[in-house]
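This report concerns only the one structure given below.
The values are calculated or read from the model by the stated rules, or taken from the named source; none is laboratory data. Note that the coordinates shown come from a computational prediction; the quantities given were computed from them, not determined experimentally. Cβ placement follows ideal geometry from the backbone for every residue including glycine, while neighbour counts extend to all protein chains displayed.
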């Protein structure tokens, strides 16, 4: 308790920039600007906010029966919501302020995760994940939850099972997949993209960036590309048994083998490959 009171006093000035509506301070600690934060919140919700302070402050509400384990040094800390009995924890609602250039590893069971300007890895069994801002890199995965990723980042990896995966913003290198969930991509600055599903539909909206390389792959789900009139790309569409529909009827296809369609839009500056087993492929004007 004495250590916590001292830490709260040290970061008191930084705490002035927070919102009292976030709840009371539950833990606080001084950190290096590039510190690593390992966090586990089983249930409820956790919101992470990057700020320009060399400290971590945890605010919010937790069950009176649970405790927050918190330990570490200036280079990194580990925190977790724990039940003293060893059973399931009650839902917590936490807001965590961390250094802008730090990195996190966040895990939850059913708790939803929200991140604003925070880089690192985000994993949940069934919780939803929503991330935004300018970050160095992100890896996000939820087995059954949905992901909404509105990020500007050089590298992004995203996975979900049956949840909805939405990618927007300005990521450059994207590796995204679902099992049965819908995958929607509205991110015109992607330079390399690999988009995969087993049975969920994949939708791309926009114009691929100049020199971009995209690979879309699906088993039984459809792949739908809604392209702008300024698109410049070389497209290769192939399916074992699925229908292939070219909505740019004015474009003359390049000579193709059976079940494969190749054609260029504009100068063919980007390279787009779409493969399915029995899912339909549609390429159409936006």
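Please find, among 171, 154, the residue that is surrounded by fewer than 17 Cβ atoms within 10 Å (Cβ to Cβ) and part of a strand (DSSP E or B). Step through it out loud before you land on a result.
Numbers: 171 fails: surrounded by fewer than 17 Cβ atoms within 10 Å (Cβ to Cβ).
Result of the check over 171, 154: 154.
Please work out which one of (1) in contact with a strand residue (DSSP E or B) (Cβ under 7 Å, 6 or more places away or on another chain); (2) buried (at least 16 other Cβ atoms within 10 Å of the Cβ); (3) outside any strand (DSSP E or B); (4) modelled with pLDDT of 95 or more is the condition residue 242 fails and give its number. Exception for residue 242: condition (4). Can you find even one residue in segment 106-117 that is buried (at least 23 other Cβ atoms within 10 Å of the Cβ) and under 10 Å from the mean Cα position of the chain (by Cα)? Within segment 106-117, one or more residues are buried (at least 23 other Cβ atoms within 10 Å of the Cβ) and under 10 Å from the mean Cα position of the chain (by Cα). Under the condition of being without any contact (Cβ under 8 Å) to a residue 40 or more places away in the chain and not in a loop (DSSP other than H, G, I, E, B), which residue from segment 70-87 is surrounded by the most Cβ atoms within 10 Å (Cβ to Cβ)? Here the residue is 82. Just to verify a result, which residue in segment 88-105, among those that are at pLDDT 95 or above and not in a strand (DSSP E or B), is surrounded by the most Cβ atoms within 10 Å (Cβ to Cβ)? Once the filter is applied, the top-ranked residue is 102. Just to be sure I understand, how many residues within segment 198-234 are closer than 20 Å to residue 176 by Cα and either assigned to a strand (DSSP E or B) or touching a helix residue (DSSP H, G or I) at 6+ places or on another chain (Cβ under 7 Å) (or both)? The number of residues fulfilling the criteria is 16. Restricting the first member to segment 18-44 and to residues that are at positive phi, and the second to residues that are at pLDDT 95 or above and part of a loop (DSSP other than H, G, I, E, B), the beta-carbon pairs closer than 7 Å and six or more apart or on different chains are 44/111.
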